[in-house]
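Dropping the structure in here first, questions after.
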Amino acid sequence: QRLKAAVHYTAGCLCQEVAEDKGVQFSKQTIAAISEITFRQCDVKEYFLILCRHAKRSTVTTEDVKLLARRSSSLLKYITQKSEELASSNMEQKEKKKKKGGITSGEQAAAMTEREDSKMA
């Protein structure tokens, strides 16, 4: 049920974007029909279960989502773009955390080596 609601919400958001860009209106019934067709077409839950079972894992990955979207080149392009944006954002956040932490791992290793050297002397 939650997955179906998420598909409906996303379809509504996409319809709203198209409506703003193209100057058209979508009725609630149209959005509901689009989300229902999308949900039925994808049958996401079963598809992901099969993929994960085949790959002998329990986690759905970005690559699994891309495999599902490969039927629609525009959807695949959009998902790939968003995936790359998220990946770069995550890398930026990791870099910020490293900088906030003070010294880097290389500096930590150098400090440990200095301590070991001073103990030997």
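The values are calculated or read from the model by the stated rules, or taken from the named source; none is laboratory data. As the structure is a computational prediction, the values presented were derived from the model and not from experiment. So basically every Cβ, Gly included, is an ideal-geometry build from the backbone, and we count neighbours across all protein chains shown. In case anyone asks, the SASA skips ligands and DNA or RNA and just uses the protein heavy atoms, side chains included. Shrake-Rupley method; radii C 1.70, N 1.55, O 1.52, S 1.80 Å.
List pairs: first residue in the range 18-44 and within 11 Å of HIS8 (Cα to Cα), second residue aliphatic (A, V, I, L, M) anywhere in the structure, Cβ distance under 8 angstrom, at least six positions apart or on different chains.
These pairs meet every condition: ILE31/ALA11; ILE34/ALA11; SER35/VAL7; SER35/ALA11; THR38/VAL7; THR38/ALA11; PHE39/LEU3; PHE39/VAL7.
Per-residue answers, yes or no, for (1) under 30 Å from GLN41 (Cβ atoms); (2) modelled with pLDDT under 85; (3) surrounded by fewer than 10 Cβ atoms within 10 Å (Cβ to Cβ):
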{"position": "LYS82", "(1), (2), (3)": "yes, no, no"}
{"position": "LYS100", "(1), (2), (3)": "no, yes, yes"}
{"position": "THR113", "(1), (2), (3)": "no, yes, no"}
{"position": "ALA121", "(1), (2), (3)": "no, yes, yes"}
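Report yes if LYS98 is over 18 Å from the mean Cα position of the chain (by Cα) and either of a type in the set (S, T, N, Q) or part of a helix (DSSP H, G or I) (or both), otherwise no.
Values: over 18 Å from the mean Cα position of the chain (by Cα): yes; either of a type in the set (S, T, N, Q) or part of a helix (DSSP H, G or I) (or both): yes.
Answer is yes for this residue.
Please go through the range 25-42 and give me each residue that is open to solvent by 90 Å² or more (accessible area, probe 1.4 Å) and within 16 Å of ALA6 (Cα to Cα), ordered by number.
Matches in the range 25-42: LYS28, ILE37, ARG40, GLN41.
Among the residues of the range 54-80 satisfying the criterion of being small (Gly, Ala, Ser) and not in a helix (DSSP H, G or I), which is most open to solvent (accessible area, probe 1.4 Å)?
Filtering the range 54-80 for residues that are small (Gly, Ala, Ser) and not in a helix (DSSP H, G or I), the one most open to solvent (accessible area, probe 1.4 Å) comes out as SER58.
Working only within the range 12-53, note down all residues that are among the acidic types (Asp, Glu) and not in a helix (DSSP H, G or I).
Selection gives ASP43 alone.
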